[in-house]
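A short worksheet on the structure shown next.
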Amino acid sequence: MLSGLTSFLPESTLTLYDNLEFLFRILLATVLGAAIGLERTKRQKEAGVRTHCIIACASAVFMILSKYAFIDTAALAGSRGADAARIAAQVVSGISFLGAGVIFKNGNSIRGLTTAAGMWGTAAVGMAIGAGMYWVGLIQIILHRFPVGADALTTQELLVELEDTDELRARFDDLLKQHRGQVTESSLARQDGCLRMEITVRLEPPITHDEALAFMRENPGVSNKSYIAR
């Protein structure tokens, strides 16, 4: 404890109940971040539950620090010389480094923009909860629950090799229709009675690993089926 400054320090000013509320805000931000991450995991996006938990939790902590860790500075400097928003401001710009890590360019297509924007929104959730603005923090959760536009769809790159028959092609088309698939790019090749399809398709919901295995079991004429989700 610093001599002569005891009355100005945060630990002497904030009560036990204040600290318990800070803990509640951090835990709530973590739970909301997990909810966002779970939704992204179901869509097979790059950043999942742990990533969004950490972002929301850390943002809440930084917001609490930004608002309450400089009580001594504000008290000593009065209304001048104290900027309580300087840590919070760095969260807004600093999250861009994490967002840049999930954006990839492949030819003419760019993947990960929605995920990066979602991480930025998760940081906003954490900051809102850290500031005690609970209702504001729920907005991002609501937006994530209601997909809007093509960006809410999952893009998958499918590689399928099957016997070149009308029946198998129709069954594969039915699988895409079940997921409301929209083909954006395709490359087809025939060789020795086998049809090889490399397609990029937007889906809602995405085709899961179990669905791919079931499709191969139900259709022996399918020799290969793989996908990359993004």
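Heavy-atom accessible area for Y134, with the other protein chains in place and a 1.4 Å probe, reaches approximately 70 Å².
Just reorder F172, F97, F62 by solvent-accessible area, largest first, 1.4 Å probe, all chains present.
F97, F62, F172
Spatial offset of the stretch 186-201 relative to the stretch 156-182 amounts to 11 Å, using the alpha carbon center of each. Counting only protein heavy atoms and a probe of 1.4 Å, the accessible surface of the stretch 154-230 is 46% carbon and sulfur. For the stretch 58-70, putting each phi into the Karplus relation 6.51 cos²θ - 1.76 cosθ + 1.60 with θ = phi - 60° gives couplings of 5, 5, 5, 4, 5, 5, 4, 4, 5, 7, 10, 7, 10 Hz, in residue order, rounded to whole numbers and with x for Gly and Pro. Residues M216, M63, M133, ordered by accessible area of protein heavy atoms at a 1.4 angstrom probe radius and largest first, appear as M133, M216, M63.
The values are calculated or read from the model by the stated rules, or taken from the named source; none is laboratory data. Please read all numbers here as calculations on a predicted model, not as lab measurements. Areas reflect the complete protein model, heavy atoms only, side chains present, ligands, DNA and RNA absent. Shrake-Rupley method; radii C 1.70, N 1.55, O 1.52, S 1.80 Å.
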